[in-house]
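The values are calculated or read from the model by the stated rules, or taken from the named source; none is laboratory data. Since we're looking at a predicted model, the values are computed, not measured. Backbone-built Cβ (ideal geometry, glycine too); neighbour counts: all protein chains shown. Side chains included, ligands, DNA and RNA excluded: accessible areas come from the protein's heavy atoms. Shrake-Rupley method; radii C 1.70, N 1.55, O 1.52, S 1.80 Å.
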Amino acid sequence: MRDGGGEAHLRLGVNIDHVATIRNARGGRVPDPVRAARLAAAAGADGITAHLREDRRHIRDEDIARLMSEIDLPLNLEMAATEEMLAIALRHKPHAACIVPERREERTTEGGLDAAGQFAHLAPIVGRLGEAGIRVSLFIEADPRQFDAARALGAPVVEIHTGRYCDLHNDGEFGPRDRELVRIAEAARYGRSIGLEVHAGHGLAFDTVEPVAAIPELKELNIGHFLIGEAIFVGLEASIREMRRCMDVGRAAVRA
Ligand code: PXP
């Protein structure tokens, strides 16, 4: 798998988990998430993201093996900080591993990782992933305390949780969603100032991605659920291409 993207380019990581969710609903082989990853590459994705959950509710172990061997894009493996997932990451050596909090009963990743509170638990895991040449990312809230913890842990990358921003709505000129966007932008700036590479993701859609893409410190967005849902209506390539276009519009505002 090659490394993707240049400095000014805002990379798009396409999360294919929910192609596997649909496959697993019938227990067979279709739709195939690896085929989705191939299409994502053709549509301009810079990377593929997949979350191997403890309960294997979407991506399965053999999907990770196939993504590594059959797809010519960097794989970002989302994983809980457990010994089982660490062993899997060390076996496959994906380009990146994004450590996420995981609770069995949650529908999706709810909230960021408490990197500060779980420092002692995370330190050896981040260390072993890093030693294996895997680029470690921590999925955290836009909170400077968590950024400081990520840096102290030696993680080169953080991913800011954009779920709250996407769920909020503006009730006036400068509403709750705008305030959350400012918090994300300030956190991204702080992250860069302490030497972290900053990514963002969760819940992003065509109507929420542009202002996030306009945050110049961000290097990558990881997007899944909306893209796969939109693909039902327009096809996966068209869905990804439109997301890419929205991101480019947002990024162009930075350079203007
Ligand atoms: N980033 C991380 C760390 C995630 O856990 C997820 C969801 O798996 C995403 C990005 C993508 O979120 P969504 O599927 O809502 O676009």
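Yes/no matrix, rows are residues, columns are (1) closer than 24 Å to ALA213 by Cα; (2) within 15 Å of the ligand (Cβ to nearest atom):
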{"position": "ALA8", "(1), (2)": "yes, no"}
{"position": "ALA20", "(1), (2)": "no, yes"}
{"position": "ALA40", "(1), (2)": "yes, yes"}
{"position": "GLY44", "(1), (2)": "yes, no"}
{"position": "HIS58", "(1), (2)": "no, yes"}
{"position": "MET68", "(1), (2)": "no, no"}
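Consider the stretch 196-210 and keep the residues that are in contact with an Asp or Glu (Cβ under 9 Å, 6 or more places away or on another chain) and crowded, with 17+ Cβ neighbours inside 10 Å. The one that is farthest from HIS169 (Cα to Cα) is GLU197. Taking the criterion of being assigned to a helix (DSSP H, G or I), of a type outside the set (Gly, Ala, Ser) and more than 9 Å from the ligand (Cβ to nearest atom), the residues of the stretch 204-225 that qualify are PHE206, ASP207, THR208, VAL209, GLU210, PRO211, VAL212.
Return the total of residues in the stretch 179-203 being assigned to a loop (DSSP other than H, G, I, E, B), within 16 Å of the ligand (Cβ to nearest atom) and on the phi < 0 side of the Ramachandran plot. Lay out the reasoning, then the answer.
Taking the stretch 179-203 and keeping what is assigned to a loop (DSSP other than H, G, I, E, B), we get 194-196, 202-203.
Now drop any that are not within 16 Å of the ligand (Cβ to nearest atom), which leaves 196, 202-203.
Within this subset, residues satisfying the condition of being on the phi < 0 side of the Ramachandran plot are 196.
Result for the stretch 179-203: 1.
Taking the conditions exactly as written (open to solvent by 60 Å² or more (accessible area, probe 1.4 Å) and under 16 Å from HIS18 (Cβ atoms)), does ARG107 satisfy them or not?
Taking the combined requirement at face value, the residue satisfies it.
For the stretch 226-249, which residues satisfy the criterion of being of a type outside the set (A, V, I, L, M), within 16 Å of the ligand (Cβ to nearest atom) and in contact with a helix residue (DSSP H, G or I) (Cβ under 6 Å, 6 or more places away or on another chain)? Spell out the reasoning first.
At the first step, the residues of the stretch 226-249 found to be of a type outside the set (A, V, I, L, M) are 226, 229-230, 233, 235, 237, 239, 241-242, 244-246, 248.
Still in the running and within 16 Å of the ligand (Cβ to nearest atom): 226, 229-230, 239, 242, 244, 246.
Result: GLU230, SER239, CYS246.
A search for C-beta distances below 9 Å between a residue of the stretch 213-235 that is within 26 Å of GLU186 (Cα to Cα) and any residue that is more than 8 Å from the ligand (Cβ to nearest atom) and acidic (Asp, Glu), counting only pairs 6+ apart in sequence or on different chains, returns ALA213/ASP248; LYS219/GLU7; LYS219/GLU197; GLU220/ASP46; GLU220/GLU197.
Would you mind stating whether THR21 is hydroxyl-bearing (Ser, Thr, Tyr) and open to solvent by less than 40 Å² (accessible area, probe 1.4 Å)?
So THR21 fails the test.
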